[in-house]
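Presented below is the structure to which this report refers.
We did not get these values from a lab; they are worked out from the coordinates using the rules stated. Note that the structure is a prediction, hence the values are computed from the model and not measured. Cβ coordinates were reconstructed from backbone atoms using ideal geometry, including for glycine residues, and neighbour counts include every protein chain displayed.
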Amino acid sequence: MSLFAAVEMAPRDPILGLNEQFNADTNPAKVNLGVGVYYDDKGKLPLLRCVAEAEALMQAAAKPRGYLPIDGIAAYDKAVQGLVFGADSAVLAEGRVATVQALGGTGGLKIGADFLKRLNPNAQVLISDPSWENHRALFTNAGFAVATYPYYDAAQRGINFEAMLAALQAAAAGTIVVLHACCHNPTGYDLSPAQWSQVVDTVKARGLVAFLDMAYQGFGEGIAEDGAVIQQCLAAGLDFFVSTSFSKSFSLYGERVGALSVVCGSSAEAGKVLSQLKIVIRTNYSNPPTHGAQVVAHVLSTPALRAMWEEELAGMRVRIREMRQALVAELKAAGVSQDLSFVTRQKGMFSYSGLSAAQMQRLRSEFGVYGVDSGRICVAALNSRNLKSVAAAMAAVIK
Ligand code: PMP
């Protein structure tokens, strides 16, 4: 009998499955709104100018490729800290943050999850309902029991904040709460600063562990605005976790550039935490790759390139916002009478469109418009060329 005879076929990743279906579709007007990737108005994945310029400079002074330290490039970790916490932040001056380079935002979450499992093996993990689909799988695979807190309210087209807060208030001390710092995936609905303040107060009062997933900083309202919850956590004196991803904000998806930061009570604690994070990394993949982190460190720490990045990021943010407004206008023009203004209240790359699974399936089979059955569409894949046809298709299935 073969060693692998008992191996079962794992379920397909739903979004990758959707991509395969899209690629096989012969409809020339097909549009892929399934994946979480930002495309420019020409429908192309951008290569940011700040990235190209940093790469040209790096190429001109090409260096040999030795191993990186286990926690990554020091200048990168420092640049991440400046971006996430504010370069002048007291918590950095006090040396209370342990930051490690990670393989994308996913890698940051996984290092944090593995460390937390050693720290508090019996803790429960709470994720939002719904959440990025990998949150549940990642924390489950790290050995945790994962449950949800209420989040999306379909009837209100928003967040069921009362229920969310009640769930957090009822959580046992030590419960790990995964929070989307901004641009909630998949719904697009973010908490207001006043709501964040109540969440932070509850996390503190109940002794919960906040794990902020920041995969879209700069895609919502702006770099500082999107990171505002971090400042609230600092002001409350919490010990907390932040995973960072530059996949979207630098359009560096395939370079796997991310980080994990752990805010501790003292620099001595941060030193010990860092030593444990390094063990997690060492025993998984030894040390991270060089290129993407070097690009990001270079851009963030070179004023001219940093200014260019902020401008390019703002360009992506504004284009997404324009697409939201244009989609609502086109749907109205196509005769949809219901109030769709919620699409412009949502933030980031995604919109919970409110369409049912049956409507999403009709969009695919009749119009070649591919979104997720949950109703999630990637607004960042809309452009001036496909907008009208997408709106017409959506109007046809809504009416
Ligand atoms: N968290 C959320 C909420 C995400 O949407 C994503 C990416 N889609 C990630 C984490 C992972 O980011 P990365 O691709 O950098 O691993």
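Expressed in nm to one decimal, what extension gain is obtained for the pair Ser389 and Ala75 from 0.36 nm per residue of sequence separation less their Cα-Cα distance? Write out the running numbers ahead of the final one.
Values: separation 314, 0.36 × 314 = 113.04 nm, distance 4.60 nm.
Contour length minus Cα-Cα distance gives 108.4 nm.
A simple spin-label model places the labels of Asn27 and Leu119 4.7 nm from each other, with each point 7 Å out along Cα-to-Cβ.
With both bridge residues required to lie in the chain, what share of the DSSP beta bridges run antiparallel, to the nearest 5%? DSSP beta bridges in the chain are roughly 50 percent antiparallel.
Pairs of Cα atoms in the stretch 242-399 fall into 5 Å distance bins, from 0 up to the last occupied one, in shares of 1, 8, 13, 15, 13, 10, 11, 10, 9, 6, 3, 1, 0 percent.
Ordering Ile73, Ala62, Gly95 by Cα displacement along the dipole of the stretch 1-113 toward the positive end leaves Ala62 in first place; charges were set at the Cβ atoms of Lys, Arg (+1) and Asp, Glu (-1).
Could you quote the convex hull projected area for the stretch 1-136, Cα atoms only and averaged over all directions, in nm²?
Working: hull surface 65.3 nm².
Approximately 16.3 nm², given one-decimal rounding.
So if I take the alpha carbon set of the stretch 263-338, get Rg, then get Rh from the Kirkwood formula, what is the Rg over Rh ratio? Display every interim value, and only then the final one.
Numbers: Rg = 22.1 Å, Rh = 17.1 Å.
Dividing the radius of gyration by the Kirkwood radius yields 1.29.
Kirkwood-type hydrodynamic radius, the stretch 73-204: 16.3 Å, calculated from all non-identical alpha-carbon pairs.
Taking each of Lys63/Lys272; Lys42/Lys110; Lys110/Lys272; Lys78/Lys204; Lys30/Lys347; Lys30/Lys110 in turn, the alpha-carbon distance tops 30 angstrom for Lys63/Lys272; Lys42/Lys110; Lys30/Lys110. When only the Cβ of Lys, Arg, Asp and Glu is charged (+1, +1, -1, -1), the dipole of the stretch 280-337 relative to its Cα centre reaches about 180 debye. Is the stretch 137-273 rounded, prolate or oblate when judged by the Cα gyration tensor, a ≥ b ≥ c being the square roots of its eigenvalues, rounded requiring a/c under 1.5 and prolate requiring a/b larger than b/c? Rounded is the answer for the stretch 137-273, as its axis ratio a/c remains below 1.5. Equivalent-ellipsoid semi-axes for the stretch 35-75 (Cα gyration tensor, √(5λ), whole Å, largest first): 28, 16, 8. The length gained by stretching the chain between Thr140 and Ala224 to full extension, at 0.36 nm per residue less their Cα-Cα distance, is 27.1 nm. Here the residues Phe241, Phe367, ranked from fewest to most Cβ neighbours within 10 Å of their Cβ, fall in the order Phe367, Phe241.
An oblate overall shape is assigned to the stretch 192-333, the ratio a/c of its alpha-carbon gyration tensor axes (a ≥ b ≥ c) being 1.5 or greater and a/b not exceeding b/c. Listed by chain and number, the lysines whose C-alpha is less than 20 Å from the C-alpha of Lys399, apart from same-chain residues fewer than 8 away, are Lys332, Lys388.
Calculated on the alpha-carbon coordinates, the convex hull of the chain measures out at 166 cubic angstrom per residue.
Neighbouring Cβ atoms within 10 Å as the yardstick, rank Trp196, Trp309 fewest first.
Trp196, Trp309
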